[in-house]
Structure formats: structure tokens, C-alpha cells
1. Check which residues have an amide H placed less than 5 Å from Y82's amide H, if you skip close sequence neighbours.
2. With viscosity set to 1.002 mPa s at 20 °C, what whole-number translational diffusion coefficient in µm²/s follows for the stretch 1-112 from Stokes-Einstein and a Kirkwood radius over Cα pairs?
3. Using 0.36 nm times the number of residues separating C134 and S176, minus their current alpha carbon distance, what extension gain do you get?
4. Just order 104-112, 126-134 by mean Cβ neighbour count inside 10 Å, highest at the front, would you?
5. For the chain, what is the relative contact order in percent, using Cα pairs closer than 8 Å and at least 6 residues apart in sequence?
6. In Å and on Cα atoms, what radius of gyration and Dmax does the stretch 114-177 show?
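Every number in this text was worked out from the coordinates using simple rules, so none of it is lab data. Predicted model only: the values in this text are computed from it and were never measured. Methodologically, a virtual Cβ is constructed for each residue, glycine included, from the backbone with ideal geometry; neighbour enumeration extends over all protein chains shown.
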Amino acid sequence: MMLTQNENVILHILHERPNLGKTALMKIIYFLQHVKRLELEYDFDIYTYGPYASDVTDTLDNLISDGFVSSVVHSYRNYSGYALSISETGKEMMHLLSDEDEKEVQEILTFADGKSAKDLELHATIVFINHLLCVQKGTIASKDDVIKTVHDIKPHFDKKTILEAYDSLARREYISS
């Protein structure tokens, strides 16, 4: 059985970061596709917890049903979620990424280190809204417009937190500012 690029990337992520949650995995894939331009061809839209693509969930479900990924319910401080890990079979099936793709995966995983799923939700939402406003306006979106729009759709994040995340993304050149 030959894995697709999408399946292989997910396995690589879980190999490097065992016990990753589904939301964090979704955001990492979003960053790989929309910031690092990996050709994953997922169709992301904005959703409750930031950018979401049902076909990422489908790919993950297939990897779980094929025995390449294990999914275990895990209790965190305030909620229960899933801890995803690559299985031994998944490790055997995984093939090498190109040097460039491996570099991009490592950069996004380093960016995600220490960030909660909620932090990744905010950062990915900023990238999504920045891109959306750029497309709508045909030019670079203003920082104020991005922050206001993100706050409007995610009022549980205060504007100071959104601004700090925006500036962090701009410093990394993950968004145009």
C-alpha cells in the first residue's frame, strides 16, 4: 500500500510529536498548507476552533482504521480529547519526505512547540483572516482590520492577545503586515 502525501505528512507529524491532539494536528496541517505551501490540497474554512477541513479528519480516520495511527481518549485539565500517535505499522509504512518538505514540517512543529490547541487556534485564525481580507481587498490587509475581524468572530480572545499573536506571526513572516 502506498501512502498519499497527505497521509505521509500526518504520520511524520505524529512521529515527531506523539500524543498530539486532533485540534493541534489540524492547525499544524493548516500552517503547512497555507504558510509553508505544502501541496496537501485540503479545503479549509473557518470553524468553531479556527480553520478546519473535514477531509483532514477523513484522512486521519482512514489512518486510524488502517492501524497506522492510534487514538486514545486523554483527560486534560479542563476537558477530554484525543491523543494521537503513530503506530509501529505506521512507522513501517511511512516514507521519507523531500528535504524541503521535512524542513517545513520541522519549522512548523518548532513554531507549535509549547503552544496549546487554543493558542494554535488563535494563530491559525489570524492567518486565515489575514488571507481572506487580502483576497477581498486585493491588497495587504491592515493589522487593525485583521485584529478587529478576529476579535469579532472570537471574542473570547482579547485584542491584546490577538495583537501579540499577530506580531509573532508577522515577525516569522507567516503573514504579510
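1. Sorted by chain and number, the residues that satisfy this are K22, H74.
2. So the translational diffusion coefficient is about 151 µm²/s.
3. Stretched fully, the C134-S176 segment lengthens by 14.2 nm.
4. Descending packing order for the listed peptides: 126-134, 104-112.
5. Result for the chain is 24 percent.
6. Radius of gyration, then largest Cα-Cα span, for the stretch 114-177: 10.8, 35 Å.
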